């Protein structure tokens, strides 16, 4: 069963500012509650083919996986993929202008869980949706506070 979770939020800052902060992997632990650390496996700067090692906690389990950047259009879109672990996944960030001074950010996670994770796909999707909503709310607060 495929899991496909799409979450979005409007952030009261220009698109380039939101995208610039969000796609910088060193910021991920600041706004993703479940991300414990991110380490570069390839030299910076971020580009197609860059590899990043993530350590996260989700549903009480420690997860270590490597994302590879599959697509990057600065200010518009970032696509990362991992084939590791029980839940190979693709994560996509998209950024669109919302009015003159705001940005609509969409976070999409999709993949096909393997093994036991496949059986629990609906539970995984619901948990991911809740976590993503909280993470985007944290991102919005963090970015909009820096503007004030």
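Worth pointing out:
- Failed criterion for residue 88 (all others in (1) farther than 22 Å from residue 45 by Cβ; (2) at pLDDT 90 or above; (3) under 15 Å from the mean Cα position of the chain (by Cα) hold): (2)
- Condition met for residue 70 (closer than 20 Å to residue 96 by Cα, at pLDDT 95 or above and assigned to a strand (DSSP E or B)): yes
- Qualifying residue in the stretch 132-143 (condition: assigned to a strand (DSSP E or B) and surrounded by 14 or more Cβ atoms within 10 Å (Cβ to Cβ)): no
- Candidates 125, 64, 118, 56, filtered to the one that is in a strand (DSSP E or B), modelled with pLDDT under 95, out of contact with any helix residue (DSSP H, G or I) (no Cβ under 7 Å at 6 or more places or on another chain) and surrounded by 15 or more Cβ atoms within 10 Å (Cβ to Cβ): 56
- When residue 54 is tested against the conditions (1) in contact with a strand residue (DSSP E or B) (Cβ under 7 Å, 6 or more places away or on another chain); (2) more than 28 Å from residue 113 (Cβ to Cβ), the lone failure is (2).
- Filtered by the rule that a residue be touching a residue at least 24 places away in the same chain (Cβ under 8 Å) and either touching a helix residue (DSSP H, G or I) at 6+ places or on another chain (Cβ under 8 Å) or under 18 Å from residue 106 (Cα atoms) (or both), the stretch 67-85 gives 72, 74, 75, 76, 78, 80.
- Within the stretch 1-45, being touching a strand residue (DSSP E or B) at 6+ places or on another chain (Cβ under 7 Å), part of a loop (DSSP other than H, G, I, E, B), surrounded by fewer than 16 Cβ atoms within 10 Å (Cβ to Cβ) and in contact (Cβ under 8 Å) with a residue 12 or more places away in the chain holds for 2, 12, 41.
The values are calculated or read from the model by the stated rules, or taken from the named source; none is laboratory data. All values reported here derive from a predicted model rather than from experimental measurement. In this analysis, Cβ positions are derived from the backbone assuming ideal geometry, glycine residues included, and neighbour counts consider all displayed protein chains.
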